Amino acid sequence: MEVTIKKAEQMKAKPDENQLGFGTIFTDHMFNMDFSVEKGWYNPRIEPYAPLIMDPSTMVLHYGQGVFEGLKAYRNQKGGIQLFRPRENFKRLNHSNHKLCIPEIDEAFAMDSLKQLISVEQEWVPSAPGTSLYIRPTVIATDPFLGVRASHTYRYFVILCPVGAYYAEGFNPVKIMVTKDHVRAVRGGVGDTKTMGNYAASLYAGEAAHEEGYTQVLWLDGVEQKYIEEVGAMNIFFVIDDELITPALSGSILPGITRDSVLALGRSWGLKVSEKRITIDEVINAHTTGHLKEIFGSGTAAVISPVGELKYGDTVISVGEGKVGPLAHKFFETIQNIQYGVTEGPEGWIEVL
Ligand SMILES: *Cc1c(COP(=O)(O)O)cnc(C)c1O
């Protein structure tokens, strides 16, 4: 399929790279492609960034049949543009599509068309330290229909926004709260997909955590409420003695690409790495007995997010005396250096535009 390109007549003014936040500024163009049962995916096009006009009965607005991805393009040392394991995102997009009864998108085509879009928008990829171009591929159900069934038509679109350094104020440990009152996802559900409803379902517990001064919620499993799952939009790691532990993918945890990268690097460094079920009691216990060394989250937005405090019921534990642990630091530096082309990563992790 050939991607048609229609350029915007007027380009927006570029923002100050040192003042960038997250998710508020969008580039001049977007990618759009439609699906119908008769045509399959058709009419791939790059066109001016614009509002979507939809019927109020559009299915995604009512039943949430939609999925998305999140990845970044980085300005490398030579001034070029590169992506970090982007094919993993399209693989995961199709996993999400599959579980939400959305037709799959050819991954090689999604990759090629993304490269074309970024190339049209290359001036939007910032170069100040820690900045990047955030990429949001999204698929939504577009039938104008109020019955509950899978839609027959879909829109796939990709929007881009230049984003600032996540740690503009320094690499500071965050405080997270374990919730006993709410669950994010259950086995057999859609917790392992990036579907919209998962995030809507997480807001209530998130607000409760914010009220108590915690930035994020750490979710426990939806059945027994004792096994650790993940944080809002991050996977979670524990360093207990010399072992790096992350919850095994249970079907209700989002399989993070950063998580996978931490595991791969940890193994390549000869660390003792375990993907297994771990309870909140084991973590508290490890802390009480002095074996818990570090806790950190992993995700595209922050790469690595050290956890300095964890609250579970009336128990509050503080980890690493407010400092960033050595492993969290090493993973952060290593992954970020690979993303920005300072060092070479494992084979196939970087895709230059
Ligand atoms: C996106 C996401 C992650 C992190 O995935 P990455 O591929 O590492 O960015 C973890 N948990 C949830 C719920 C997410 O939505």
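Failed condition for Val262, given (1) surrounded by fewer than 19 Cβ atoms within 10 Å (Cβ to Cβ); (2) of a type in the set (A, V, I, L, M, F, W, C); (3) touching a residue at least 12 places away in the same chain (Cβ under 8 Å), with all others met?
Answer for Val262: the failing condition is (1).
Within segment 62-86, which residues are surrounded by fewer than 16 Cβ atoms within 10 Å (Cβ to Cβ) and not in a loop (DSSP other than H, G, I, E, B)?
Correct list: His62 only.
Within the set of pairs 6 or more residues apart or between chains, which connect a residue that is closer than 26 Å to Gly322 by Cα inside segment 159-175 to a residue that is at pLDDT below 80 and not in a loop (DSSP other than H, G, I, E, B) with Cβ atoms less than 9 Å apart?
Asn172/Gly322; Pro173/Gly322
Per-residue answers, yes or no, for (1) surrounded by fewer than 17 Cβ atoms within 10 Å (Cβ to Cβ); (2) in contact with a Lys or Arg (Cβ under 8 Å, 6 or more places away or on another chain); (3) within 16 Å of Lys175 (Cβ to Cβ):
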position	(1), (2), (3)
Gly266	no, no, no
Lys272	yes, no, no
Thr279	yes, yes, no
Val283	no, no, yes
Ala286	no, no, no
Thr289	yes, no, no
Tyr312	no, yes, yes
Gly320	no, yes, yes
Lys323	yes, no, yes
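Return the residue satisfying two criteria in turn: it lies in segment 289-319 and is over 29 Å from Val163 (Cα atoms) and outside any strand (DSSP E or B), and of such residues it is nearest to the ligand (Cβ to nearest atom).
For segment 289-319, the residue satisfying everything is Val319.
Answer yes or no: is there a residue in segment 69-78 that is closer than 24 Å to Val352 by Cα and more than 25 Å from the chain's Cα centre (by Cα).
Yes: segment 69-78 contains one or more residues that are closer than 24 Å to Val352 by Cα and more than 25 Å from the chain's Cα centre (by Cα).
Kindly check whether there is at least one residue in segment 260-275 that is in contact with a helix residue (DSSP H, G or I) (Cβ under 7 Å, 6 or more places away or on another chain), of a type in the set (S, T, N, Q) and within 16 Å of the ligand (Cβ to nearest atom).
yes
Yes/no per residue for (1) within 22 Å of the chain's Cα centre (by Cα); (2) in a strand (DSSP E or B); (3) more than 28 Å from Thr315 (Cα to Cα):
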residue	(1), (2), (3)
Phe237	yes, yes, no
Asp260	yes, no, yes
Gly270	no, no, yes
Ala286	no, no, no
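Go through Asp192, Asp181, Asp242 for me and flag whichever is modelled with pLDDT of 95 or more, outside the structural domain of Val139 (by TED's automatic domain parsing) and away from the ligand (no atom under 15 Å from the Cβ). So that I can check it myself, show each step before the final result.
Values: Asp192 fails: away from the ligand (no atom under 15 Å from the Cβ); Asp181 fails: modelled with pLDDT of 95 or more.
Within the list Asp192, Asp181, Asp242, the selection yields Asp242.
The values are calculated or read from the model by the stated rules, or taken from the named source; none is laboratory data. All of these numbers come straight from a predicted model, not from anything done at the bench. A quick note on method: Cβ atoms are made from the backbone with ideal geometry, for glycine too, and the neighbour counts reach across all protein chains shown.
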